[in-house]
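A short write-up of the structure that comes next.
Since every read-out is calculated from the coordinates, none of them should be taken as a lab result. Since the model is a prediction, treat every value here as computed from it, not as a measurement. Neighbour counts run over all protein chains shown; Cβ positions are idealised from the backbone, glycine included.
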Amino acid sequence: MDLCNLSVIRALMAEAGISFRKEFGQNFLTNRLIPEDIADGCADDADRLVIEIGPGIGCLTQELAIRYRRVVAVEIDRGLIPVLEKTLAEYDNVTVINDDIMKIDLAALVERYAEGRPVSVCANLPYYITTPILMRLLESGVRFSTITVMVQNEVAQRLAAKAGSSDYGAITAVLGYYGTVRRLFKVPAGCFIPMPKVDSAVVRIDLFGEPKYKPVDEKLFRELIRAAFEMRRKTLVNAVSAHMPQLTKTKIAEALRAIGKDENIRGEKLSTEEFVLLSNELAK
Ligand code: SAM
């Protein structure tokens, strides 16, 4: 069954008495090459657990099931569960869970299904909640090896941006703490039903096994990044002192000089490593 075929999608949904739910960001893939390519790019070897977020009617899930040892797909929409039972019936390495990825106990899920193997995440993400989902995965304490997600193209550019570029933002600087990000390929809006307004792209995050940079005070490091990007057009000294009153302009300027940076620099020019160095300097 080609789950990217429009007639198949419509027939399965009509049979289940459901329609696309905008509030769940439902834009299903209609070009079968895309789920194949996403699944190919998701990880380097087969012997792992892959957690899929939002399987929809299961087009990507099938491709993951063929390539990887174990797949657990978490779908929020109860109406899709009977459809998935049908479309995934022949794959005995797939488990579908009806839950919200923002609420599910990820550590318990991994403990139960990974059996000590590496864990990857793969998804055509619901766009209304892209960043919160990514942050939840990264902050969960679970050691994922890769996270491969389709997001809006504009967001993909931001996630994979280099320090100093116009796309570089707080999320880019935070991501650099967890791993390296690559933009794999672009997917035109016409490859989905309903058709979204913008193009999408797939990004893969390869997470560091051990943190590459270690902030002395992680809370301060995160606050510093948030504050630095809160007022993009201001210098880092002005933006940070406005949002973190405990840090005076003089102290921030001194810390910048100590790490070899100009005191008039803007936050978007600092790499993740430099934010770590700066926060360590400020923590002294
Ligand atoms: N994987 C399918 C595909 O590529 O055609 C569907 C992708 S669609 C963009 C996003 C999917 O995520 C939908 O099935 C939607 O119901 C589901 N979803 C939305 N919010 C969710 C959440 N918080 N937890 C789990 N699934 C969610």
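Remind me, relative contact order of the stretch 6-207 in percent, using alpha carbon pairs under 8 angstrom and six or more residues apart?
Values: 363 pairs, mean separation 43.9, N = 202.
So the answer I get is 22 percent.
Can you return the lysines within cross-link range of Lys284? Criterion is Cα-Cα under 18 Å, with same-chain partners fewer than 8 residues away left out.
Lys214, Lys219, Lys249, Lys251, Lys261
Report, in deg cm²/dmol and to the nearest 500, the calculated mean residue ellipticity at 222 nm for the chain, where each DSSP H run with n ≥ 4 adds -39500 (n - 2.57) and the sum is divided by the residue count.
Value at 222 nm, helices only, nearest 500: -11500 deg cm²/dmol.
Which values, in whole Å and largest first, are the semi-axes of the equivalent ellipsoid of the stretch 3-81 obtained as the square root of 5 times each eigenvalue of the Cα gyration tensor?
23, 14, 10
Could you compute the FRET efficiency for Ser140 and Arg69, with r as their C-beta to C-beta distance and R0 at 30 Å, rounded to 0.05?
The computed FRET efficiency comes out at 0.90.
Any idea how far apart Lys214 and Thr180 come out in nm if each label point goes 7 Å out from Cα toward Cβ?
The answer from the label model is 2.2 nm.
Mind checking the stretch 216-278 for trypsin sites (Lys or Arg not before Pro) that DSSP puts in a loop (not H, G, I, E or B) and that have at most 15 other Cβ atoms within 10 Å? Mind dumping the intermediate values first?
On the way: sites: Lys219, Arg222, Arg226, Arg232, Arg233, Lys234, Lys249, Lys251, Arg257, Lys261, Arg266, Lys269; in loops: Arg232, Arg233, Lys234, Lys261, Arg266.
Filter output for the stretch 216-278: Arg232, Arg233, Lys234.
With springs connecting C-alpha atoms under 10 Å apart, model the chain as a Gaussian network and identify which of Leu109, Leu80, Leu88 has the largest mean-square fluctuation.
Leu109
Express the relative contact order of the stretch 167-284 as a whole percentage, based on alpha carbon pairs under 8 Å and six or more residues apart in sequence.
Once normalised by length, the contact order is 27 percent.
What list of whole percents do you get for P(r) of the stretch 68-134, with Cα-Cα distances grouped in 5 Å bins up to the one holding the largest distance?
3, 13, 26, 25, 21, 10, 1
What chymotrypsin sites (Phe, Trp or Tyr not before Pro) does the stretch 188-284 have in DSSP loop regions with at most 14 other beta carbons within 10 Å? Kindly include the intermediate steps, with their values, before the conclusion.
Values: sites: Phe192, Phe208, Tyr213, Phe221, Phe229, Phe275; in loops: Phe208, Tyr213.
Of the chymotrypsin sites (Phe, Trp or Tyr not before Pro), the ones in loops of the stretch 188-284 whose Cβ has at most 14 other Cβ atoms within 10 Å are Phe208.
Could you identify which residue out of Gly267, Gly56, Gly79 has the top mean-square fluctuation in a GNM of the chain using Cα springs shorter than 10 Å?
Result for the chain, Cα springs under 10 Å: Gly79 fluctuates most.
What list of whole percents do you get for P(r) of the chain, with Cα-Cα distances grouped in 10 Å bins up to the one holding the largest distance?
P(r) for the chain, in whole percents per bin: 6, 28, 30, 20, 12, 4, 1.
For the pair Arg117/Asp100, report the inter-label distance in nm, with labels modelled 7 Å from Cα in the Cβ direction.
The modelled label-to-label distance comes out at 3.0 nm.
Using a simple charge model, +1 on the beta-carbon of Lys and Arg, -1 on the beta-carbon of Asp and Glu, nothing else, what dipole does the chain show about its Cα centre, in debye to the nearest 20?
1040
For the stretch 1-42, what is the Kirkwood estimate of the hydrodynamic radius, computed as the reciprocal of the mean inverse distance between distinct Cα atoms, to one decimal in Å? Provide the component values of the computation, followed by the final result.
Details: mean 1/r = 0.0872 Å⁻¹.
When all Cα pairs of the stretch 1-42 are included, the Kirkwood radius is 11.5 Å.
If you take the C-alpha gyration tensor of the stretch 78-236, multiply each eigenvalue by 5 and take the square root, what semi-axes do you get, largest first, in whole Å?
Working from the Cα gyration tensor, I get semi-axes of 30, 22, 14 Å.
Where does the stretch 164-237 land on Rg/Rh, using Cα atoms and the Kirkwood Rh?
1.08
Setting aside same-chain residues fewer than 8 positions from Lys186, which lysines have a Cα under 22 Å from its Cα?
Lys162, Lys197
Report Rg/Rh for the stretch 218-283, rounded to two decimals, where Rg is the Cα radius of gyration and Rh the Kirkwood radius.
Using only Cα positions, Rg/Rh for the stretch 218-283 is 0.89.
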